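Comments concern the structure below.
Derivation of every value follows stated rules applied to the coordinates shown; laboratory data play no part. Source: prediction; values computed, not measured. Methodologically, a virtual Cβ is constructed for each residue, glycine included, from the backbone with ideal geometry; neighbour enumeration extends over all protein chains shown.
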Amino acid sequence: MSGRATALAHSNVALVKYWGKREGVDPSLNLPETGSISITLGELQTRTTVVFDGGLDGDKVSGIRDKDHERVSQFLGLVRERAGIETFAEVRTENDFPTGAGLASSASGFAALAMAASHAADLELSKTELSQLARRGSGSAARSIFGGFAEQKRGQAPDGSDCHAVQLQPWDHWPLSVAVAIVDEGEKPVSSTAGMLWTAETSPFYAAWLADHTQDLETVRSAINERDFDKLAHVTEHNCLKMHATMLTAIPTLLYWNATTLAVMRRIWQLRELGTKVCFSIDAGPQVKAICDASSLDIVAATLESVPGVKRVIRSGLGTGASLIDTEVKA
Ligand code: PMV
């Protein structure tokens with residue numbers, strides 16, 4: 001068979017984070033220990049084309065770091081198994097933002113790959129199934145299948161059949177904006193998968209991180225439904241700081257921030273004290289994502305640009321879910 005498809009997906013930033021894998025289950029299922037809630041970012045986009053081609057004697061991957069080729073090939077193996085084919089594929093992927101620096105390139109990357117590879121293999125998957133498939137590549141990718149506000153459900157089943165994302169609200173329910181302060185364009189030293197395992201094994205705060213999670217998810221769900229920015233800001237920052245507290249107290253310590261990260265956090269607190277609706281979140285990297293109401297984006301972005309050490313600021317509104325651009329399959 002031969003088949004090709006191109007898909008687009010956007011990155012996301014979690015308001016309630018995923019940091020820890022479920023224990024005692026098949027690790028290849030990549031099941032999270034907790035649920036998570038994110039917003040999908042319209043301006044941070046990955047475009048991926050997958051071509052299954054009977055003439056190839058191995059998968060051919062371009063546009064991503066060499067060290068990630070194997071992970072993509074393993075993911076294609078899951079798609080082949082499900083479609084009952086053995087054909088290798090060529091994958092071309094383009095990100096319009098720096099990769100590997102805590103900007104969730106794996107989220108948009110595996111969401112776009114799940115969508116493109118499944119269509120190119122002539123599989124008809126529902127959004128729930130696509131989300132489960134994307135999760136096998138990267139936990140946060142499960143959320144990027146959906147636009148606006150998405151929740152990744154923890155689920156209970158050991159086979160992962162109830163572990164997928166759902167859309168809580170579409171982007172236009174509450175058009176928030178995000179200013180991403182890029183403070184270092186280099187690659188992060190420790191991958192999130194390695195960081196999570198290491199944190200769970202060694203941080204004395206890991207149990208406390210898990211204990212509050214259900215409450216944080218509930219509060220953020222209601223803040224979104226009520227469009228209550230103050231409530232959202234409080235839990236988003238606290239949840240992010242709790243996650244980083246588990247990293248900082250891992251042995252050896254896992255510190256993703258640099259001095260500019262801290263300067264940006266302080267500037268965001270100052271803006272909020274002066275009445276701007278803004279809060280921050282930080283993932284497994286040094287960049288700071290300032291989440292604000294759409295009318296404050298210009299002032300927030302300009303303020304972050306003026307912080308010494310900030311290289312540039314990416315402005316984004318909320319985005320839609322993963323989408324198919326074109327597809328063609330021949331038997
Ligand atoms: O999906 P992964 O394995 O890249 O892990 C994502 C981890 C965080 O970005 C730090 C948190 C999250 O929920 O996105």
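Here are a few things to note about the model shown:
- The angle between the Cα long axis of helix 105-120 and the longest principal axis of the Cα atoms of the chain comes to about 30 degrees, rounded to the nearest 10.
- Relative contact order of the range 129-187, defined on C-alpha pairs under 8 angstrom at six or more residues apart (%): 28 percent
- Here the contact order of the chain, divided by its residue count and restricted to Cα pairs under 8 Å and six or more residues apart, works out to 27 percent.
- Amide H contacts for ARG312 (H built 1.01 Å from N in the peptide plane; partners 5 or more residues away or on another chain; cut-off under 5 Å): ILE182.
- Candidate cross-link partners of LYS21 among the lysines, defined by an alpha-carbon separation under 23 Å and a same-chain spacing of 8 or more, comprise LYS67, LYS127, LYS153, LYS188, LYS242.
- Derived scalar couplings ³J(HN,Hα) [the range 286-303; Karplus, 6.51 cos²θ - 1.76 cosθ + 1.60; whole Hz; x for Gly, Pro]: x, 5, 10, 9, 8, 9, 8, 6, 4, 6, 9, 4, 4, 5, 5, 5, 5, 5
- Taking label points 7 Å from Cα along the Cα-to-Cβ direction, ARG315 and THR249 give a separation of 4.0 nm.
- With the simple spin-label model, which puts each label point 7 Å out from Cα in the Cβ direction, the SER28 to SER222 separation comes to 4.3 nm.
- Highest to lowest packing among 39-49, 141-151, 290-300, 305-315, scored as the average C-beta count within 10 Å: 141-151, 39-49, 290-300, 305-315
- Cut-off 17 Å (backbone N to label point 7 Å along Cα→Cβ of ASP96), residues of the range 28-44: 40-44
- Subtracting the Cα-Cα distance of SER2 and VAL190 from 0.36 nm times their residue separation leaves 63.9 nm of extension gain.
- Cα centroid separation, the range 40-71 to the range 311-327 (Å): 17 Å
- Relative to the longest principal axis of the Cα atoms of the chain, helix 229-248 runs at roughly 70 degrees.
- Relative packing of 278-287, 233-242, which averages over residues the other C-beta atoms within 10 Å, highest first: 278-287, 233-242
- Burial ranking of peptide ranges 24-32, 119-127 (average Cβ count within 10 Å, highest at the top): 119-127, 24-32
- Residue-wise HN-Hα coupling along the range 70-84, computed from phi with Karplus coefficients 6.51, -1.76, 1.60 (Hz; x: Gly, Pro): 4, 5, 5, 5, 4, 5, 4, x, 5, 5, 4, 4, 5, 8, x
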